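These notes concern the structure reproduced below.
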Amino acid sequence: MIASTASTGKGPSHIGAAGHHRAQVDPLTALRTPDDPPWDVYLTGTVFLDIVFTGLDCAPVRGTESWARGMGSSPGGVANMATALARLGLRTSLAAAFGDDHYGEYCWDALETGEGINLAPSRTVPGWHSPVTVSMAYEGERTMVSHGHEPPPEEPAPDCPPRARAAIASLTPGKRAPWVAQAASKGARIFGDVGWDDTGAWDLAGLPDLEHCEAFLPNAEEAMRYTRTACPRAAAHALTDYVPVAVVTLGAEGAYAVDRRTGETAEVPAIAVEALDPTGAGDVFVAGFVTGTLAGWPLADRLAFAGLTAALSVQEFGGSLSAPGWSEIGAWWRRVQSVDGQDPAALERYGFLAGLVPEEEAARPWPLRRAVPTIGFGRSA
């Protein structure tokens, strides 16, 4: 296992979505042609304003006031995934509804201007209050409180999603999203993730859009419940009866994947890091795996890259705030090579990064700090 140097959590007390430096790396450069779709990835969902309190020593105690040492704000919800994809160099298009309040304006600006995400399929809904989540990070975990009004009556996604190499769908038990089939019919490779099944049915037949998916990426508990197996690795193999590629995340143990078409299996251990806030780590993992898949990397490299990006994200606070870019990846790669006592085999596992990370980025110091504005500050703050 590779040991990594974690950030201390003692950086700026205000953190925000814009202003950090990102390397301009295009992982698909060698594959691009004039006939390509305009977007690498399309996704749709609900954007929240996330307000994150950090530096809490323990959970808030009833009847008392707790002070946090850090606080930040950023777009959350589906914006976590969109930001992670954009920071890895993929041309990302997002369809979402935005309120016309200050929160909605902030989220729109942070995603479009700050992250370069295409919001042409998105819309502003007059009089609709932006959904808000307050997250409190402590002891490596998080507690969240959310508020939102009924969503707009129209779906934010258009009837015909734009052409894209891939699309990411959050599968909902018992519900079919028509846009998924439409995107697949246009050649998009569909990557599906899923949340906890509140119905308790855990029936794969209840995920109708799974039939369109190239890859399905549940966590270990979800995978075992859906397949009625007692081992996450057995669950991954069972899932390939339904999708070509099954990826099961194993928490602190890493991840395991099976590709039915090639017969490949891969298991990559987790990177040892100090986890400050797990918010959005699953989204970052999916973004890393999608990036490697579109770039045509071997299954083990895709899995390792996804795990690395997720590990880097938990060393920072927030969801979209914490998504790493190539600057963070390059700085990590240089740093771990300089640490004495690393397992040579573990370093070799990430050797594929040497051909991806620009030398000028690998020369930057570690750990990196992301920049700083919260709502109301100008971009020069």
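Inside region 319-330, can you point out the residues that are assigned to a helix (DSSP H, G or I) and at pLDDT 85 or above?
TRP326, SER327, GLU328, ILE329, GLY330 - these are the residues of region 319-330 that are assigned to a helix (DSSP H, G or I) and at pLDDT 85 or above.
Testing ASP209 on (1) part of a strand (DSSP E or B); (2) in contact with a Leu (Cβ under 7 Å, 6 or more places away or on another chain); (3) not β-branched (Val, Ile, Thr), one condition comes back false. Which one is that?
Looking at each condition in turn, ASP209 falls short on (1).
Residues to consider are GLN315, GLN337; find the one that is over 17 Å from ASP193 (Cβ atoms), polar (S, T, N, Q) and either part of a strand (DSSP E or B) or at pLDDT below 85 (or both).
GLN315
Which of the residues spanning region 103-127 are assigned to a loop (DSSP other than H, G, I, E, B) and open to solvent by 30 Å² or more (accessible area, probe 1.4 Å)?
The answer is GLY116, ALA120, PRO126, GLY127.
List pairs: first residue in region 115-139 and within 26 Å of PHE53 (Cβ to Cβ) and in contact (Cβ under 8 Å) with a residue 12 or more places away in the chain, second residue surrounded by fewer than 19 Cβ atoms within 10 Å (Cβ to Cβ) and β-branched (Val, Ile, Thr) anywhere in the structure, Cβ distance under 8 angstrom, at least six positions apart or on different chains.
PRO131/THR46; THR133/VAL145; VAL134/VAL145; SER135/THR143; MET136/THR143
Which residues, counting only those in region 186-245, are open to solvent by 20 Å² or more (accessible area, probe 1.4 Å) and at positive phi?
Selection gives GLY187, GLY200, ARG228.
Among the listed residues ALA177, ALA266, which satisfies the condition of being among the aliphatic types (A, V, I, L, M) and within 29 Å of ARG335 (Cα to Cα)?
ALA266
Need the failing condition index for TYR256 against (1) open to solvent by 20 Å² or more (accessible area, probe 1.4 Å); (2) part of a strand (DSSP E or B); (3) closer than 22 Å to ASN80 by Cβ, just the number.
(3)
Taking the conditions exactly as written (under 30 Å from ALA295 (Cα atoms), at pLDDT below 95 and of a type outside the set (Val, Ile, Thr)), does GLY76 satisfy them or not?
So GLY76 passes the test.
So LEU94 ticks every box in (1) open to solvent by 10 Å² or more (accessible area, probe 1.4 Å); (2) at pLDDT 95 or above but one. Which box is left unticked?
Of everything listed in (1) open to solvent by 10 Å² or more (accessible area, probe 1.4 Å); (2) at pLDDT 95 or above, LEU94 misses just condition (1).
Can you name every residue in region 341-350 that is within 16 Å of LEU303 (Cβ to Cβ) and open to solvent by 30 Å² or more (accessible area, probe 1.4 Å)?
ALA345, GLU348, ARG349 - these are the residues of region 341-350 that are within 16 Å of LEU303 (Cβ to Cβ) and open to solvent by 30 Å² or more (accessible area, probe 1.4 Å).
The values are calculated or read from the model by the stated rules, or taken from the named source; none is laboratory data. Every value quoted in this text rests on a predicted model; they were computed, and no experiment measured them. Cβ atoms come from the backbone with ideal geometry, glycine included; neighbour counts cover every protein chain shown. Accessible surface is based on the protein model in full, side chains and every heavy atom, while ligands, DNA and RNA are left aside. Shrake-Rupley method; radii C 1.70, N 1.55, O 1.52, S 1.80 Å.
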